[in-house]
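Please treat every number below as a calculation from the coordinates, not as lab data. Note that this is a predicted model, so its numbers are computed, not measured. No Cβ is skipped: glycine too gets one built from the backbone with ideal geometry, and neighbour counts run over all protein chains shown.
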Amino acid sequence: MHHVLRYPVSALACACLSFPVWAQQTGDDTASTSASGGTAASSTSLDTVTVTGQSAATKTETPVVETPQTVSNVDREEMDERGVRTLREAAQYTPGVYTNQVGASNRYDYLVMRGFSDGSLSNTYLDGLKVMGDANGYSSMVIDPWFLDNVEIVKGPASVLYGRSSPGGLVALTSKKPLFEGRNELRFSTGTNSQRSAAFDFSGPLDDESRVAYRLVGIGSKSDTQFGPIEEERYAIAPSITWDATDDTSVTFMAYLQKDPEGGYHSGVPYEGAVSSHNGRHIGNDFFDGEDDYDKFERTQRMFGYDLEHRFSDNVTGRQKLRYLNSDVELNQVYGYGWVSPDSNELNRYYSGGRESLDAWTVDNQVEAKLKSGFIDHTVLVGVDYQKRKNDVEWTAGAFPSIDAFNPSYGADPIGEIGVTNDERHELTQTGIYLQDQMAIDRWRLTLGGRYDWVDIKNTDHLNDTESTLDDTQFSGRAGVLYRFDNGIAPYLSYNTAFTPTSFVDGNGDLLEPMEGEQWETGLKYQPPESRDLYTLSLFRINQENVATKEQPTDDYRSVGEIQSQGVELQARTYLTDNFRLQAGYSYTDITYEKSDVPGEQGNHAIYAPRHQASLWGHYTFDRGALDGLDAGVGVRYYGDIYADRANTEKVPDYTLVDAAVGYDLNQVGLKGVNARVNVGNLLDKEYVASCNSLEYCYFGAERNVTATVSYQF
């Protein structure tokens, strides 16, 4: 859900709401894959220190079943199996994570975790470092899943290790790293909406001693969309080099370059016309409310960095991770906003534009020590991290002629001049120190952590020659206890806190105090001995205070709002046979506005948060007989009880979606290394409204999508 309790002013009010996904459970139930590439072969080819295996929940090598917090994962194999094209698709089968906040739009990775939406991907991390974005802008970076080995979602607050964050959860992405054994892959795809893509992934050692390895990953893709003339287009490449300088020291240098000349569609239509009828008619789910000559979304993003790890002894390891990020975004869009009149079939339209340039640095320094004091084994983590972000923004706006939603005619020009509405610089710096102690006492696992942050925010308004600043300090904490029985059952209880600075100002022009959240969670994890199966049950309650709210849309903001989210989540991943895997999930999320200045809103349920969400995915691999080499998967997703507006006057109709996949290893017919796959999303081509930001902005869900892929590994 949107953190700010307010009424939207445009279809682009949601354009900055993005977020966030999971990592595959391995045989020893460790949450993350190896830093050297995620395969067993690559991690054992040297006696050097190329494997980190850090879990995002603890920043240490902690098994999921011993982590006193809910963690969900998806790995490279599953992403390929389900034909994942976005991070949202990777998270579709994760309980407690809602991926349909803006329907069929792929412009940003919108993920709603335990009812909380994240306005700037501030809870998304790549290889342990925050993917910096601007909550008050369009500069949110997107990582193509082709470049990832693993995606991990940690539910609930994570400020104790990461600083400013949403209380809903954390998304940790693990990129493909250099391998010390040769591995090469080519992939070609085509499908509906004229989609086509070509991708490559090359890796291997660069020297005879296997001390240096490289990886070069790239993709080019283009497709139409279901909305008029709008297209999606992307070109990206990621080179990396790992150098095992000594048996104790390893460093990986990485770059990620991405160009999106076309960013797809991003707009909504009124509830009356999308869900209910307007003048006896419904708007089509392919309706385009803009103008081709005035529609543009172009994004260029660059990241450069390194991961350095040194083992001082068998028990003490130091790490430093550093990254520079840069993003340039240009946005032009004509969008509809409400019916001209109750009897009219025409929508009001406006123009909105933006140019942004973001620069950011982030660095994390860690020392991990494994100690023993009497009968207690300690894993102590001490760290200092730093983040700095600067974003220059210029936004424009203007009026546009209305458009008939049922019989659209295009080719209009603006009414009057398009003027500059905002010319600003948004700056943020954060420095944090943190300490965590994970204690093992027989079968007890105790976790204690604390963090202190210094946060400086400055917004400069060049048009009005004004400046707003916030200098704040925050303490974050966590405590968890877990007991692991011999039979694989592990009950736990945990407490975590979070803080989230905002860019909203009060009547005096001062930035509001950061929002503060806390979570209590208890649950049960079960992993049968010597099994890959994992079952989890969790109950949680999250309270977030100091939420920006105002009584009327024209009033000034005040930090008086409070949001409460509570519920239950169940997830299971089981191998019924060696060939048949089944994963299931269910979540009940009750998130309400406990305090609000908006009349009649207090006690209401939040939008973007299905109260009921369920999923089931089954996958079978044939290994004998006439079907040897074939694999197939079918999934079902259900979303229910979604409110369409903050006043809770309407709901989005419940909907159920079916996905399917089938693949064949062509090695069975003599084509060694060749694999063919067909993936279908929304198999039954259900037409549905995915969610609403208000009664003026509802978002159509994605239509049926078919993708055929051929890959060649050598």
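Stretched out fully, how many nm does the piece from N365 to T466 gain, at 0.36 nm a residue minus the Cα gap?
On the way: separation 101, 0.36 × 101 = 36.36 nm, distance 3.59 nm.
Extra length available between N365 and T466 comes to 32.8 nm.
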Is it possible to state the helix-based mean residue ellipticity at 222 nm for the chain, with each DSSP H run of 4+ residues giving -39500 (n - 2.57), the sum divided by total residues, to the nearest 500 deg cm²/dmol? What is it?
-500 deg cm²/dmol
Among K550/K595; K176/K321; K130/K296; K388/K458, the pairs whose Cα-Cα distance exceeds 19 Å are K130/K296
I need the peptides 54-64, 587-597 ranked by packing, meaning the mean over residues of other C-beta atoms within 10 angstrom, with the highest value on top.
54-64, 587-597
Considering the dipole of the range 333-394 built from charges on the beta carbon (Lys and Arg +1, Asp and Glu -1) around the Cα centre, which of Y337, T379, S357 is farthest to its positive end?
T379
How do T249, T99 line up, fewest other C-beta atoms within 10 Å first?
T249, T99
Averaging sequence separations of C-alpha pairs under 8 Å and six or more residues apart, then dividing by the length of the range 291-404, give the relative contact order as a whole percent.
26 percent
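Only Cα pairs under 8 Å and at least 6 apart count here; give the relative contact order of the range 578-654 as a rounded whole percent. Walk me through the numbers before you get to the answer.
On the way: 153 pairs, mean separation 22.9, N = 77.
Relative contact order comes out at 30 percent.
How do W617, W444, W520 rank when sorted from fewest to most other Cβ atoms within 10 Å of their own Cβ? Before the final figure, lay out each step's value.
Details: W617 22, W444 12, W520 15.
Ordered by Cβ neighbours within 10 Å, fewest first: W444, W520, W617.
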Going by C-beta contacts inside 10 Å, put H612, H278 in order with the fewest on the left.
H612, H278
Using modelled amide H (1.01 Å from N, peptide plane; none on Pro or chain starts), what sits under 5 Å from the amide H of G701, excluding residues fewer than 5 places away?
Y688, V689, A690
What is the range 119-197's relative contact order, in percent, from Cα pairs under 8 angstrom and six or more apart in sequence?
28 percent
